[in-house]
């Protein structure tokens, strides 16, 4: 990638276009959006539905046993 090539993506909080190469708050557009997102996690507005342990356990249960 050319060092002058811009990578533009939408801010995950407000949707404003963000230049990744020039923004210390990436993937957010600003400190305000970054802190607002953190606040949403702290207020439990976002959550991860299953723990990694639960997902791995479900995957193991679905796999047939190997008889040796």
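Where a number appears in this text, it was derived from the coordinates with a stated rule and is not lab data. Here the structure is a predicted model, which means the values were calculated and not measured. Neighbour counts run over all protein chains shown; Cβ positions are idealised from the backbone, glycine included.
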Legend entry - Folded to 0 to 90 degrees: helix 52-62 orientation relative to the chain principal axis, Cα: 40
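Express the Stokes-Einstein translational diffusion coefficient of the range 8-62 in µm² s⁻¹, to the nearest whole number, given a Kirkwood radius over alpha-carbon pairs, 4 °C and a viscosity of 1.567 mPa s.
Taking Rh from Cα pairs, D becomes 98 µm²/s.
Given the -39500 (n - 2.57) contribution per DSSP H run of 4+ residues, what per-residue ellipticity at 222 nm results for the chain, rounded to the nearest 500 deg cm²/dmol?
Working: 2 runs with 23 residues, N = 68.
Mean residue ellipticity at 222 nm (helix-derived): -10500 deg cm²/dmol.
Which order do 53, 28 fall in if you start with the one that has the fewest other Cβ atoms within 10 Å?
53, 28
Only Cα pairs under 8 Å and at least 6 apart count here; give the relative contact order of the chain as a rounded whole percent.
Working: 49 pairs, mean separation 12.1, N = 68.
Relative contact order here is 18 percent.
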Inset, instruction - Starting from the Cα of residue 26, step 7 Å along the direction of its Cβ; do the same at residue 43; then give the gap between the two resulting points in nm. - result: 2.9
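Taking the Cβ of each residue in 30, 40 as the centre, tally the other Cβ atoms inside 10 Å and list the residues starting with the fewest.
Working: 30 16, 40 12.
So the ranking, lowest neighbour count to highest, is 40, 30.
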Inset, instruction - Which order do the peptides 54-60, 33-39, 16-22 take when ranked by the mean count of other beta-carbon atoms within 10 Å per residue, highest first? - result: 33-39, 16-22, 54-60
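Grab the Cα-Cα distance for residue 35 and residue 56, subtract it from 0.36 nm times how many residues apart they are, and report the gain in nm with one decimal.
Values: separation 21, 0.36 × 21 = 7.56 nm, distance 3.19 nm.
The span from residue 35 to residue 56 would gain 4.4 nm if fully extended.
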